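Presented below is the structure to which this report refers.
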Amino acid sequence: QVQLVESGGGLVQAGGSLRLSCAASGRTFGPIVMGWFRHAPGKEREFVAGISSIGGSTYYADSVKGRFTISRDNAKSTVYLQMNSLKPEDTAVYCCAVRMGSVVVVTTTGYRYWGQGTQVTVSS
């Protein structure tokens, strides 16, 4: 079992920045991928970014490339999402997720463990 707790969401103006954190506990050893997804009202949950514990390889959705950066602190079992140049369309509940393995995948079904999410609201 893996437990995930997100923090760092809030209200920010367009063009601003936020940093989200996701602390994992439980079975966090071995190769795992930690990812961020977001869910906006009326839309499907979508992949945002992911990072592998093996080599630190990362993958981003096209909509956030160049603006968001995912990183992890393996010693703290924590993943971060630095979000810059935020836009109103980035408004959503952001959830972190974990899958066992070394390959970042973009589908929700590929992740077994999920956090409760943190709200990010970007005003225009």
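Can you tell me which residues in segment 97-124 are in contact with a Ser or Thr (Cβ under 9 Å, 6 or more places away or on another chain), closer than 30 Å to F29 by Cα and not hydroxyl-bearing (S, T, Y)?
Taking segment 97-124 first, the residues in contact with a Ser or Thr (Cβ under 9 Å, 6 or more places away or on another chain) are 97-98, 101-104, 114, 118-123.
Add one more test, that the residue is closer than 30 Å to F29 by Cα, and what stays is 97-98, 101-104, 114, 118-120.
Hits for segment 97-124 are A97, V98, G101, V103, V104, W114, Q119, V120.
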- segment 28-44, residues that are among the charged types (D, E, K, R) and not in a loop (DSSP other than H, G, I, E, B): R38
- Restricting attention to segment 5-44, report how many residues are touching a residue at least 24 places away in the same chain (Cβ under 8 Å) and among the acidic types (D, E). 1
- Message: Criterion first (outside any loop (DSSP other than H, G, I, E, B) and closer than 18 Å to V122 by Cβ) does Q3 satisfy it?
- Response: no
- Query: Which fully enclosed strands (runs of 3 or more DSSP E) of segment 45-124 have 2 or more residues being without any contact (Cβ under 8 Å) to a residue 12 or more places away in the chain?
  - Reply: none
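Let's see how each residue does on (1) in contact with a helix residue (DSSP H, G or I) (Cβ under 6 Å, 6 or more places away or on another chain); (2) open to solvent by 20 Å² or more (accessible area, probe 1.4 Å); (3) closer than 23 Å to A14 by Cα:
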residue	(1), (2), (3)
G56	no, yes, no
G66	no, yes, yes
T69	no, yes, yes
S85	no, yes, yes
C95	no, no, yes
V103	no, yes, no
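Would it be correct to say that R19 is open to solvent by 60 Å² or more (accessible area, probe 1.4 Å), at pLDDT 95 or above and touching a helix residue (DSSP H, G or I) at 6+ places or on another chain (Cβ under 9 Å)?
Details: open to solvent by 60 Å² or more (accessible area, probe 1.4 Å): yes; at pLDDT 95 or above: yes; touching a helix residue (DSSP H, G or I) at 6+ places or on another chain (Cβ under 9 Å): no.
Here the answer is no, as R19 does not meet what is asked.
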- Message: Of the conditions (1) in contact with a Cys (Cβ under 9 Å, 6 or more places away or on another chain); (2) among the charged types (D, E, K, R); (3) open to solvent by 50 Å² or more (accessible area, probe 1.4 Å), K43 satisfies every one except a single condition; which number is it?
- Response: (1)
- Item | Verdict on T78 being closer than 18 Å to E6 by Cα, out of contact with any Asp or Glu (no Cβ under 8 Å at 6 or more places or on another chain), open to solvent by less than 20 Å² (accessible area, probe 1.4 Å) and among the polar types (S, T, N, Q) | yes
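The values are calculated or read from the model by the stated rules, or taken from the named source; none is laboratory data. Predicted model, so just to flag it, every value in this text is computed and none were measured. Counting neighbours? That spans all protein chains shown, and the Cβs are built from the backbone with ideal geometry, glycine included. What goes into the accessible areas is simple: the full protein's heavy atoms, side chains included, and nothing from ligands, DNA or RNA. Shrake-Rupley method; radii C 1.70, N 1.55, O 1.52, S 1.80 Å.
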